[in-house]
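Structure first, then comments.
The values are calculated or read from the model by the stated rules, or taken from the named source; none is laboratory data. Just so it is clear, the structure is predicted and the values come from calculations on it, not from any experiment. Because the Cβ atoms are built from the backbone with ideal geometry, glycine has one as well, and the counts that use them run over all protein chains shown. Quick note on the areas: whole protein, heavy atoms, side chains included, nothing else; ligands and nucleic acids left out. Shrake-Rupley method; radii C 1.70, N 1.55, O 1.52, S 1.80 Å.
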Amino acid sequence: LCEDNQLNSEIAAALLEEKNARVVWAENGKIGTEIFAKSMPGEFAAVFMDIHTPVMGGYEAVACIRSMKRPDAKRIPIIAMTADAFEESLQTAKKAGMDEYITKPINPQQLYEILSKATCGYHQRLS
């Protein structure tokens, strides 16, 4: 979970943990990419990436992850998180390499649907 806002990260983590997810928090995209790079392939089922984080924003971070030389880097579901609900932003996120898009404030039902859809497809691609 790459999110620079403490309250937003606590809310997202609590919602994910309700579904028995283990959440690793990073305060910006740079830290998030470093955590992912140091993890074992397949250790993470998804990445939630705030578009506007300091140090390294979401678009730069997703490009960094997607370019890594590891088997899960191109396939791991990356879900964009932003307060911007415009269709143009959705298309920009998809072009940047993100698989899904969720707006803030987070709608729990939407979060769970996106997580289920993204991780189900990811596990099928790993098989």
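Can you confirm whether the range 31-42 contains a residue that is under 20 Å from CYS120 (Cα atoms) and crowded, with 18+ Cβ neighbours inside 10 Å? Taking every residue of the range 31-42 in turn, at least one turns out to be under 20 Å from CYS120 (Cα atoms) and crowded, with 18+ Cβ neighbours inside 10 Å. Each residue in the range 31-56 was checked for being over 12 Å from the mean Cα position of the chain (by Cα) and either of a type in the set (A, V, I, L, M, F, W, C) or within 24 Å of LEU90 (Cβ to Cβ) (or both), and 9 of them qualify. Considering the range 104-122, and only residues there that are hydroxyl-bearing (Ser, Thr, Tyr) and over 17 Å from SER9 (Cα atoms), the residue that is surrounded by the fewest Cβ atoms within 10 Å (Cβ to Cβ) turns out to be SER116. Report whether or not VAL47 is among the β-branched types (Val, Ile, Thr), surrounded by fewer than 19 Cβ atoms within 10 Å (Cβ to Cβ) and modelled with pLDDT of 90 or more. Here the answer is no, as VAL47 does not meet what is asked. Restricted to the range 76-103, and to residues there that are in a loop (DSSP other than H, G, I, E, B) and either among the aromatic types (Phe, Trp, Tyr) or open to solvent by 40 Å² or more (accessible area, probe 1.4 Å) (or both), the residue that is modelled with the highest pLDDT is ASP99.
For the range 6-18, the condition of being crowded, with 19+ Cβ neighbours inside 10 Å and part of a loop (DSSP other than H, G, I, E, B) holds for none of the residues. Looking across the range 64-75, the residues that are open to solvent by 70 Å² or more (accessible area, probe 1.4 Å) and under 14 Å from the mean Cα position of the chain (by Cα) come down to LYS74, ARG75. Checked against (1) open to solvent by 40 Å² or more (accessible area, probe 1.4 Å); (2) within 19 Å of ILE35 (Cα to Cα); (3) in contact with a Ser or Thr (Cβ under 9 Å, 6 or more places away or on another chain), ALA61 meets all criteria but (1). Whenever a residue of the range 38-50 is farther than 18 Å from ASN20 by Cβ and charged (D, E, K, R), its partners that are open to solvent by 40 Å² or more (accessible area, probe 1.4 Å) and outside any loop (DSSP other than H, G, I, E, B), lying with C-beta atoms within less than 8 angstrom and at least six residues away or across chains, give the pairs ASP50/ASN8. Considering only the range 112-124, I want to know if a residue exists there that is touching a residue at least 12 places away in the same chain (Cβ under 8 Å), out of contact with any Asp or Glu (no Cβ under 6 Å at 6 or more places or on another chain) and in a loop (DSSP other than H, G, I, E, B). No, the range 112-124 contains no residue that is touching a residue at least 12 places away in the same chain (Cβ under 8 Å), out of contact with any Asp or Glu (no Cβ under 6 Å at 6 or more places or on another chain) and in a loop (DSSP other than H, G, I, E, B).
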